1. Going by average Cβ neighbours within 10 Å, how do the peptides 88-96, 137-145, 171-179 rank, with the highest at the top?
2. Please go through the stretch 1-86 and write out the chymotrypsin sites (Phe, Trp or Tyr not before Pro) that DSSP classes as loop and that have at most 16 other C-beta atoms within 10 Å.
3. If R₀ is 30 angstrom, what is the calculated FRET efficiency for the pair residue 194 and residue 147, using the beta carbon separation as r and rounding to 0.05?
4. Applying 1/(1 + (r/R0)^6) with R0 = 22 Å to the Cβ-Cβ distance of residue 12 and residue 165, what FRET efficiency is obtained, to the nearest 0.05?
5. So how far apart, in nm, are the two label points at residue 66 and residue 176 if each is 7 Å from Cα heading toward Cβ?
6. Give the distance, in whole Å, between the Cα centre of the stretch 143-202 and the Cα centre of the stretch 1-60.
7. What Kirkwood radius, in Å to one decimal, follows from the Cα pairs of the chain?
8. Output the antiparallel fraction of DSSP beta bridges having both residues in the chain, as a percent to the nearest 5.
Amino acid sequence: MFIESPPCYYRILFPGAIWRIPGEEKCVYLTFDDGPIPEVTPWVLDILDRYGVKATFFCVGDNVRKHPETFQMVLDRGHRVGNHTFNHIQGVGSWSRLYVENVEKASEYIHSNLFRPPHGHMRFPQLLRLRKKYKIIMWDVVTRDYSWRMTPEDVFNNVKKHARNGSIIVFHDSLKAEKNMKEAMPRAIEWLLSEGYQFKLL
Ligand SMILES: [Zn+2]
């Protein structure tokens, strides 16, 4: 999905998936996808500590295998983790059995009942099988920090424009997103705090 806030017709393709958690409290859910990697993730953790913010990291199993110490840092700092497949594979174009096996392989490294499909999509049979075991977490605000077409200002503005009560916001602790994320993410946190939002864990 290459849009900042997924429309209703897209959401109904994934029954049972969670896009936003509306409630009384003024809060948002900050999430990071595609790590953990030593080049970026520890930097993110330091920023989150600076603002006293907890987040949920949807990890790629193979990254956890390669960087167990970085993964452990995420856990030790009190954040939550979720499964983002072992090889960041796309559901569309993958056999359902292989897709589910890839998720299960990641679960050997990532102990979590949360799952987020890479690229925000998967096929219906995959959804049916995975939702028996996992809460399927999508998002309400995708910052598009990974896109070379975006400037850090655009990324920050996506948060300002789309964040609302209960929003699930996605940044990426990846090399591709590093430049945009490093500039926009702290600004987004500061803006959200100044607007009175609290940060909650999924
Ligand atoms: Zn991803």
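1. Working: 88-96: 15.3, 137-145: 24.7, 171-179: 20.9.
Peptide ranking by packing, descending: 137-145, 171-179, 88-96.
2. Taking the stretch 1-86 and a limit of 16 other Cβ atoms within 10 Å, the loop chymotrypsin sites (Phe, Trp or Tyr not before Pro) found are 2.
3. On the way: r = 26 Å, r/R0 = 0.86.
Between residue 194 and residue 147 the formula returns 0.70.
4. Working from the Cβ atoms, E equals 0.55.
5. With each label point 7 Å from Cα toward Cβ, the separation is 1.4 nm.
6. The stretch 143-202 and the stretch 1-60 have Cα centres spaced 9 Å from each other.
7. It works out to 16.8 Å.
8. Values: 1 of 21 bridges.
So the antiparallel bridges amount to about 5 percent of the total.
The values are calculated or read from the model by the stated rules, or taken from the named source; none is laboratory data. Remember, predicted model here, so these are calculated numbers, not experimental data. Neighbour counts are summed over all protein chains in view; Cβ atoms, including those assigned to glycine, are modelled from backbone coordinates with ideal geometry. Each accessible area value is taken on the protein alone, full model and side chains, heavy atoms only, with ligands, DNA and RNA left out. Shrake-Rupley method; radii C 1.70, N 1.55, O 1.52, S 1.80 Å.
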